[in-house]
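A short worksheet on the structure shown next.
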Amino acid sequence: MGSIAVLNQNGDFRRVYAKGRAFVDPALVTYVLKNKRGCLRCGITASKKIGCAVERNRARRVIREAAREVLPGASGGFDIVFVARSRTVRLKSTDIARVLRRQLKEAGLFGK
């Protein structure tokens, strides 16, 4: 796999939401869209529905750590957006990593 870049432009997020496939779990929603860049790009969002700023930051931090563990095994050429849900705040990064691995395998980012 190539490098992992950060997805941080609003237009990129909107494109992934509109055209990408969604994989839903009570703890996390993952949107995946193939890109033409050849590298893996990912972004993380947590809306105000999650809770106060402390809880949103914790949710993003937990997802970021789980992605750091799981994404090196994924194939490149995709844009991925992870959306935190209210249950994300109460889980540990290992639990989120398990969910993330299952969703990315379902999306076809892992070989088997």
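The values are calculated or read from the model by the stated rules, or taken from the named source; none is laboratory data. None of these values were measured; they are calculated from a predicted model. Ideal geometry is used to build each Cβ from the backbone, glycine not excepted, and the neighbour counts take in all protein chains shown. Just the protein is used for accessible areas: all its heavy atoms, side chains included, with ligands, DNA and RNA removed. Shrake-Rupley method; radii C 1.70, N 1.55, O 1.52, S 1.80 Å.
Quick notes
- Principal-axis analysis of the Cα atoms of the chain puts helix 53-70 at an angle of about 30° to the longest axis.
- Along region 30-37 the Karplus relation, 6.51 cos²θ - 1.76 cosθ + 1.60 evaluated at θ = phi - 60°, assigns HN-Hα couplings of 10, 9, 10, 9, 5, 10, 9, 7 Hz to successive residues, with x for each Gly and Pro.
- In this Cβ point-charge picture (+1 for Lys and Arg, -1 for Asp and Glu), the chain has a dipole of about 140 debye about its Cα centre.
- Estimated distance in nm for a label pair at K49 and S86, the labels positioned 7 Å out from Cα along Cα-to-Cβ: 0.9 nm
- Over the chain, accessible surface divided per residue gives 57 Å², non-protein components excluded, 1.4 Å probe.
- Ordering G73, I96, P26 by the projection of their Cα atoms onto the charge dipole of the chain, which places +1 on the Cβ of Lys and Arg and -1 on the Cβ of Asp and Glu, puts P26 at the extreme positive end.
- J(HN,Hα) series, region 39-46, from Karplus relation 6.51 cos²θ - 1.76 cosθ + 1.60, nearest Hz, glycine and proline x: 10, 8, 10, 9, x, 10, 10, 8
- Per-residue HN-Hα couplings for region 16-29 [Karplus 6.51, -1.76, 1.60; θ = phi - 60°; Hz; x = Gly/Pro]: 5, 4, 6, 10, x, 8, 9, 10, 10, 9, x, 9, 6, 10
- Note on region 14-100: the C-alpha convex hull projects to 5.4 nm² when averaged across all orientations.
- In this structure the amide hydrogen of L40, modeled in the peptide plane, comes within under 5 Å of the amide hydrogens of G2, S3, A5, G77, F78, none closer than 5 places in sequence on its chain.
- Note on the chain: helix-only mean residue ellipticity at 222 nm, from DSSP H runs of 4+ residues weighted -39500 (n - 2.57) and normalised by residue number, equals -12500 deg cm²/dmol.
- Most tightly packed first, judged by the mean number of other beta-carbon atoms within 10 Å of their residues, the peptides 6-12, 56-62 read 56-62, 6-12.
- The charge dipole of region 50-108, taken about its Cα centre with unit charges on the Cβ atoms of Lys, Arg (+1), Asp and Glu (-1) only, comes to about 240 debye.
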